[in-house]
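A quick write-up on the structure given underneath.
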Amino acid sequence: MKQLSGNLYYVGAENPDLRIFDIIIPADCGTTYNAYLLRGKKTALIETVQDSFSEKLLENIREICDISEIDYVICNHTEPDHSGALAEILKVNPDVTVYGSFAAIKNLKNILNTEFKSVAARNKTSLDLGGYTLEFISAPNLHWPDSMFTYCPELKTVFTCDFLGAHYCGCVTDEDIPDENAYERELEKYNKYIFGPFGEAVKNGAEILRGLCPEMVCPSHGPVLKKGINKVIDRYDKWADPAVKPGKISVFYVSAYGYTKAMAEALARGAEKAGADVSVYNIIETPADVLEEAVNTSSGYMFGSPTLNRDALPPVWNVMNMISAVSCRGRNAFIFGSYGWSGEACGNLAARAEGLGLKVFDEPAKICFKPSEEDLAALEKTGGEFAAAVGFATADIS
Ligand code: FEO
């Protein structure tokens, strides 16, 4: 427990041993589940913690008041690392009224599976605690549809849940960060994994915060921001700049005997002749970070795979797995590959591309064993046509 400002207290929990968050996100410095208690005439708990840390939350709160004295719980975002302990709070004090966005209250009904008092907070409405005010600000898709900010004007403090957070453990505020370099690394990594697909929402969030000019930002992971508010807002804002380069095409392929490679090179030649900026990647010879950069910055993809045991090769699937179904939606894709007798790879890749929301160009180019000179000429022509489609389609990319 730490008094942050006025009658605002930090009551969250540390998880220094965490190394993987949400199944796939590396957390080399652990994390914190931040929760805050604000006491006016009424008392509000802002965020809770993951359920396995419920006891720690209750213990921290009890250093300040009895759980029965909590009047409100504010849920700015309902992912269970922040809403998990709400069940325990409600068990001890069923009179609590929970505030959240409409989407948040709907989520909580399906997370708690029990009756509870709730208010769906409209944008720009407020809650008077007596001495302190909580103003609710809609900020959806940071990073769930339910997200909102809560602002306390008397303390010039905004509660942002995941936004401006980082998986970093070891201090309560950014005035006491033990390893600034490690924090910077975790901040960027957190932003990439959590907010990477939501650039537009991030820019909206940054604009809201700049308008508030807060003196303190209380996120739900990592240090409370006091001295570094503008720096972190600027970083988040910059990382949200669109990465895609109109007209850039990446050709990804694997090839055992050079047949699919020859197809890749013919397609690339055609696209280049049509004026596209084309890069060709033999996937197994290319570092993952280079492939990821190509995925993020390209407005068109070509995927080539031979067929092995009725499917595409795993390295090609790995690159497809780098495509975000949110931020890469609407980009263009073309599928090709050499095969021996059945050739399922192309159809499987095309189906996955469609599932990711890519615009799949034409039927895949499937060639039995080695492409002939005529085949290569036809592929060159197809590459040019694909480049034209990418050029026309870039205006639709958001
Ligand atoms: Fe920290 Fe989206 O939960």
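Each reported figure results from applying straightforward, stated rules to the coordinates on display, with no laboratory input. Since the model is a prediction, treat every value here as computed from it, not as a measurement. Quick reminder, even Gly has a Cβ in these numbers, built from the backbone with ideal geometry, and neighbours come from all protein chains shown.
Indicate the gyration tensor shape class of the range 281-398 (rounded, prolate or oblate), computed on the Cα atoms with a ≥ b ≥ c the square roots of the eigenvalues: a/c under 1.5 is rounded; otherwise a/b larger than b/c is prolate and the rest oblate. Can you show the working numbers first?
Details: a/c = 1.69, a/b = 1.26, b/c = 1.35.
In terms of gyration-tensor shape, oblate.
Between amide H atoms placed 1.01 Å from N, distances below 5 Å from G247 occur with S299, all of them 5 or more places distant or on a separate chain. Measuring between their Cα centroids, the range 115-159 and the range 196-248 lie 18 Å from each other.
Among DSSP bridges having both ends in the range 251-398, what percentage is antiparallel? Round to the nearest 5.
Numbers: 1 of 18 bridges.
Here the antiparallel bridges make up roughly 5 percent for the range 251-398.
Taking 0.890 mPa s as the viscosity and 25 °C as the temperature, the Stokes-Einstein diffusion coefficient of the range 141-248 based on its alpha-carbon Kirkwood radius rounds to 174 µm²/s. Highest mean first, the peptides 340-349, 223-232 sorted by other C-beta atoms within 10 Å per residue fall in the order 223-232, 340-349. Applying the Karplus relation 6.51 cos²θ - 1.76 cosθ + 1.60 with θ = phi - 60° to the range 303-311 yields 3J(HN,Hα) values of 10, x, 8, x, 9, 10, 6, 6, 8 Hz, where x marks Gly and Pro. Computed over the alpha carbons of the range 182-234, Rg followed by Dmax gives 11.1, 29 Å. Normalised by 2.2 N^0.38 Å, where N counts its residues, the alpha-carbon radius of gyration of the range 238-306 equals 1.14.
For the chain, the share of DSSP beta bridges that are antiparallel, to the nearest 5, is 40%. I need the Debye-formula profile for the chain: one equal scatterer per C-alpha, no solvent, reported as log10 I(q)/I(0) at q = 0.09 1/Å, two decimals. Taken in order of the listed q values, log10 I(q)/I(0) reads -0.63.
Show which lysines lie in cross-link reach of K42 when reach means a straight Cα distance below 17 angstrom and same-chain residues fewer than eight apart are skipped. Result set, ordered by chain and number: K117.
Could the peptides 81-88, 170-177 be put in order, highest first, of the mean number of other beta-carbon atoms found within 10 Å of their residues? Don't jump to the answer; show the numbers that get you there.
Working: 81-88: 22.8, 170-177: 16.4.
Answer by packing, highest mean first, reads 81-88, 170-177.
3J(HN,Hα) couplings calculated from phi for the range 29-36 with the Karplus curve 6.51 cos²θ - 1.76 cosθ + 1.60 (θ = phi - 60°) are, in sequence order, 10, x, 7, 10, 10, 7, 9, 9 Hz; Gly and Pro show x. Extents of the range 324-371, taken as max minus min of Cα coordinates on every principal axis and listed largest first, are 36, 15, 13 Å. By the equivalent-ellipsoid construction on the alpha carbon gyration tensor, the range 1-150 comes out with semi-axes of 22, 19, 15 Å, ordered largest to smallest.
Springs between Cα atoms under 10 Å define the GNM used for the chain, and in it the highest mean-square fluctuation of M216, M148, M320 occurs at M320. Only helical runs count toward this figure. For the chain, summing -39,500 (n - 2.57) over DSSP H runs of n ≥ 4 and dividing by all residues gives -10000 deg cm²/dmol at 222 nm.
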